[in-house]
Each structure stands twice: as structure tokens, then as C-alpha cells.
Amino acid sequence: MSRNVFDVLKERGFIAQTTNEEKIREILGSQKVTFYTGFDPTADSLHVGHFLQLIVMSHMQKAGHRPIVLLGGGTAMVGDPSGKTDMRKMLTHEEITHNAEQFKKQMSKLIDFSDGKAIMVNNGDWLLELKYIEFLRDIGVHFSVNRMLTAECFKSRLERGLSFIEFNYMLMQSYDYLKLFQDYNCVLELGGDDQWSNILGGVDLIRRVKGEEVYGMTFCLLTTSEGKKMGKTEKGAVWLDPEKTSPYEFYQYWRNIHDADVIKCLKLLTFLPMEEIEKLSQYKDEKINEVKEILAYEVTKIVHGEEEAQKAQQAARALFAKGGDFDHAPSTEISRSELGDGIGILDLLMLAGLIPSKGEGRRLIKQGGIYINGERVDDQNLMITSQDFTENHLLIRKGKKVYHRVILSK
């Protein structure tokens, strides 16, 4: 008999809160459970934060349970106040449909949608058709405003102002759970820990309307040891779409995380066996870099495939070793006419997207954080000319870990 997936998730450190731990563990060990996780299609790619949810769904599916991916085509038109300080922008139907298609492509790397093993549904199919008065009478009547105002997701917004449209979000998400329970016998809702209040709303609604017990379980959010959300860089979010975050940049993100976060990420974001992770957790000092390489390789392999993971690893090693294969490192082309008699170092850093402003560039140079071809730059007025290129290549290093090549084209 294979292990109960609840124990697997607990051992790897996923579980934050549950509505009834004993009962959830019992049903996951004794029957095929249909469960759901919601994703609001507010961008055209999933990011690292969603990736954790997909790993959980994959563990669950491998243990014989059936995932429902609920796309928030209806709720995305409202905006979820959970964990936000401002309202989200509203999306059109076309944007939502396009984003949903992109999600399915990315999710298919972790979740098997063939032969109904997993299903994807869109809450726009029922939410957009709702009749307001009927909804208030059938669903709204079960919600206490006093209790809603004590929910974490609303508390943080009350000081800045909470719009009525967002206040409806909890009702709609709870109604989603009721709908999926009725249509698919879905008895477990999963989500990030910031969704706890909304999940409780759904569990409570089904108990009141149907007299049945269903369950909810949340997972820790992906944060650093300092408690900051992971998956953010100077350029913004770390996306799963290779067009938005290249496999090399994706690999480098994991290769460069803090020592304190490596083992946690191996448990949460890879499928490496726990025995192997326990061994790796003994590595100290310089050897931690080997563990970071394993993490970066494994996560990149899941998202972008083995070939891209190998390319990214080779490129990263080449850059760290100051030689060899730069083909897959991030690069910027500059034509000879653009270069002319020379380009200022600050303009070049801007062109390469390595600095957001010239002020930031001056600060970096002053602190000794910029290198050209391995030489530290001390002069913020330095001119880069064709003489600085070797075989039409020039290598910029920012800080200790960020490498970028500039290619001189015809």
C-alpha cells in the first residue's frame, strides 16, 4: 500500500491549516477524492507562487485523487482582496480566455488532463449568469457581515477602504465550492494560506445549504527565511513562461537563493525523495552550492524540460568558471552603428536591462559592483568601444552573481 498523501505533504512541509486534520487524512487514505484549487487568470502566465500549488496537485493526483483546476473567469472580473493592499484591474473576456489557455499548457507539465484524470472548469460559466436577487436570497442569507469583517483578508483592507465588489468575493468563492460539490462531488478545497477565510466560507456554506461536511486545507506560502514572498526579482515576478523568464534566468533564480532556503525549497518544489534531501541537508559552507545546483536543475527540469535545464546549468557553470559556453546566458545585441565611436557605461547597462536608472548605475559603480570582462569599473563616464569586444562579445558582471553578455552585431 502506498503512503497516505497527507503524510507525504505534511512531511515535506506543505500543510499550514486544515478544517479537520483527522478526517482529511482518513478520506485521502481510504477513497478517491475529488479536490479543487482555484487560479485567477489575471496574467498570461503562472508564476513561482502558483508552482507550489501545482506540485501539491501533482502529489495528490499521483496518489490517485482527481484534481479540478478552477479558473476564476468570473472572479477575475472582481479581484480578490486576499493578501492585497489595492484593488486588481478588471479583465476582458478575451484576456481571461487567452490567459486560461496559457495556464493549461503550463499546468500540463505537472497535471495529467487526459481521460478526465483532471478537469479544468471556469467559474465564469455560472457566476456570470447569476440572478442577483436569487443569489442574495439563496447564498447571501448564510453569511454574517460581522463575521466576514473579522476575516484576515478583509481586516488589512478596512483601513484603506474595501469596495463592495471585493466584499462579494468571499460569497462567490464559497458558491464555487458549493457548485463543484453539487456537480462533481468535490469534497476538498486546497489553496495558499492567504485563502483560509474564503475556504472556511465555502465549507460553512455547504454545511448550511446541504447539511454535508466538506473540507479545506491550506499550504504555506513560498517565502524566504526572512518571511518575504519568493519569486520576485528586480525585473518583477519569476514566471513559468520561457518568453517572460528565460530558462537560464529561471535556473539562476534558484541557484542564487539564500543558503537558509535551499532545503525547504527542495522539499516543496521538487520530487526528490526525502532520504536524499536529508543527506543534502548535511552539506555545509561551500558544498551548499552543490545543493543549490541540484535545486536549480530539478525545478528547471520540471518547468522547462531536461534539455533546457541542462543548457541552463552548462551556461551557469561556464559563467561562474569565466569561460566556455555563453550561448544560453542572457544577452543583448548592439549593432556597430549603435555603438559608433563608443557608448557610455551607464547607457550600456540601461540597454542591457541591468539597471532601472542611471542613478542606480552610478551607485553600483561607486560601490564596485560592475565588472566588464572581469575588470572592475571605477569610472561612471567610461566609454565602451569596439576595442572592448573579444570576438564580438563583451561580458558584464553585476554584483557577484548576475552575468550578461553583449554581442556586437553587424
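Picking from residues in the stretch 268-294 that are buried (at least 17 other Cβ atoms within 10 Å of the Cβ) and either more than 30 Å from N373 (Cβ to Cβ) or not assigned by TED's automatic domain parsing to the domain that holds Q252 (or both), the one that is nearest to the chain's Cα centre (by Cα) is L269. In the set (1) modelled with pLDDT of 90 or more; (2) touching a strand residue (DSSP E or B) at 6+ places or on another chain (Cβ under 6 Å), L394 fails one condition alone, (1). Within the stretch 34-46, being under 16 Å from K104 (Cβ atoms) and either in a strand (DSSP E or B) or at pLDDT 90 or above (or both) holds for Y36, T37, G38, F39, D44, S45, L46. Residues of the stretch 168-205 that are aromatic (F, W, Y) and at pLDDT 95 or above: Y175, Y177, F181, Y184.
Evaluate the following for D7: is it more than 19 Å from Y215 (Cα to Cα) and either of a type in the set (D, E, K, R) or modelled with pLDDT of 95 or more (or both)? Spelling it out, it is not the case that D7 is more than 19 Å from Y215 (Cα to Cα) and either of a type in the set (D, E, K, R) or modelled with pLDDT of 95 or more (or both). Scanning the stretch 245-261 for residues that are surrounded by fewer than 22 Cβ atoms within 10 Å (Cβ to Cβ) and either among the hydrophobic types (A, V, I, L, M, F, W, C) or assigned to a loop (DSSP other than H, G, I, E, B) (or both) turns up S246, N256, I257, H258, A260. Condition (residue is aromatic (F, W, Y) and surrounded by 17 or more Cβ atoms within 10 Å (Cβ to Cβ)) applied to the stretch 183-192: is it met by at least one residue? For the stretch 183-192, residues aromatic (F, W, Y) and surrounded by 17 or more Cβ atoms within 10 Å (Cβ to Cβ): absent.
Does at least one position in the stretch 367-378 carry a residue that is outside the structural domain of S246 (by TED's automatic domain parsing), surrounded by fewer than 15 Cβ atoms within 10 Å (Cβ to Cβ), at pLDDT 85 or above and out of contact with any strand residue (DSSP E or B) (no Cβ under 8 Å at 6 or more places or on another chain)? For the stretch 367-378, residues outside the structural domain of S246 (by TED's automatic domain parsing), surrounded by fewer than 15 Cβ atoms within 10 Å (Cβ to Cβ), at pLDDT 85 or above and out of contact with any strand residue (DSSP E or B) (no Cβ under 8 Å at 6 or more places or on another chain): present. Would you check if there is a residue in the stretch 217-234 being farther than 20 Å from F103 by Cα, surrounded by fewer than 13 Cβ atoms within 10 Å (Cβ to Cβ) and in contact (Cβ under 8 Å) with a residue 60 or more places away in the chain? Scanning the stretch 217-234, I find at least one residue that is farther than 20 Å from F103 by Cα, surrounded by fewer than 13 Cβ atoms within 10 Å (Cβ to Cβ) and in contact (Cβ under 8 Å) with a residue 60 or more places away in the chain, so the answer is yes. Considering every residue within the stretch 63-70, establish whether at least one is in a helix (DSSP H, G or I), in the same structural domain as L158 (by TED's automatic domain parsing) and surrounded by 17 or more Cβ atoms within 10 Å (Cβ to Cβ). No, the stretch 63-70 has no match at all. Just one of the numbered conditions (1) over 22 Å from G73 (Cα atoms); (2) crowded, with 20+ Cβ neighbours inside 10 Å; (3) assigned by TED's automatic domain parsing to the domain that holds G124; (4) not aromatic (F, W, Y) is not true of V209: (2).
Test D204 against the criterion of being under 23 Å from T75 (Cβ atoms), in contact with a Leu (Cβ under 9 Å, 6 or more places away or on another chain) and either in a loop (DSSP other than H, G, I, E, B) or in contact (Cβ under 8 Å) with a residue 40 or more places away in the chain (or both), and give yes or no. When the stated conditions are applied, D204 does not pass them.
Each residue in the stretch 379-410 was checked for being in contact (Cβ under 8 Å) with a residue 60 or more places away in the chain and either within 18 Å of G342 (Cα to Cα) or assigned by TED's automatic domain parsing to the domain that holds H258 (or both), and 8 pass.
The values are calculated or read from the model by the stated rules, or taken from the named source; none is laboratory data. Given the structure is predicted, the values throughout are model-derived calculations rather than measurements. As a convention, Cβ positions derive from the backbone with ideal geometry for all residues, glycine included, and neighbour counts pool all protein chains shown.
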